[in-house]
Amino acid sequence: MSKKSKCPNFWGKNILIILIVIGFYIGGRSIFEAKIQKIEANLAEFSIEEILGNRLPIVQGNSLLSASNYSNPVQVVRKIKVIVTAYSSSPFETDDNPYITAAGTLVREGVVANNLLPFGTKIRIPEIYGDKVFVVEDRMHWKKGYYHVDIWFPSYWQALNFGSKRAYIEMLEG
């Protein structure tokens, strides 16, 4: 009489596990690719004018609202102590279209949000950025109050790494 081996079928179980892992990988990947294709198809239906809603301000014929004016020397009108934080165009941090400011312009380097100052007000934050000029073109949640400035960053992680700082802002004339 021959004895059967009591050793489990080692290779059979491992191959089964490998096949299950490969199946999950291929199945998950195809679902992910299908979602990307659906998003791309939805975006292809719209023109840039429909997405932005023709809300870009035209200032002089074909020029857009500039972030700063280097031709005229600037004068500091007033200094205010504020809390300075950062934000990005992440959908969970913004309202409506994350790439359009409350002033109707596209977000870009040098844009800040503030609830006190009118749109177009030029400011500096010398303790943090030296002579760099920022322009108020966005608003924040009303609970943030008036003495809070939010600087726009291109990525969520850059904004998160900026943190929160107390500093003086200089409101500029001209």
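Brief remarks follow.
- Pair W157, I22: separation of 7 Å Cα→Cβ label points (nm): 3.3
- Inter-label distance, nm, simple model (7 Å from Cα along the C-beta direction), R78/D131: 2.6
- Residue order, fewest to most beta carbons within 10 Å, for W142, W152: W142, W152
Here, each number is a calculation from the coordinates, and none is a lab measurement. What you see is a predicted model; the values in this text were computed from it and never measured. We place every Cβ from the backbone using ideal geometry, glycine too, and count neighbours over all the protein chains shown.
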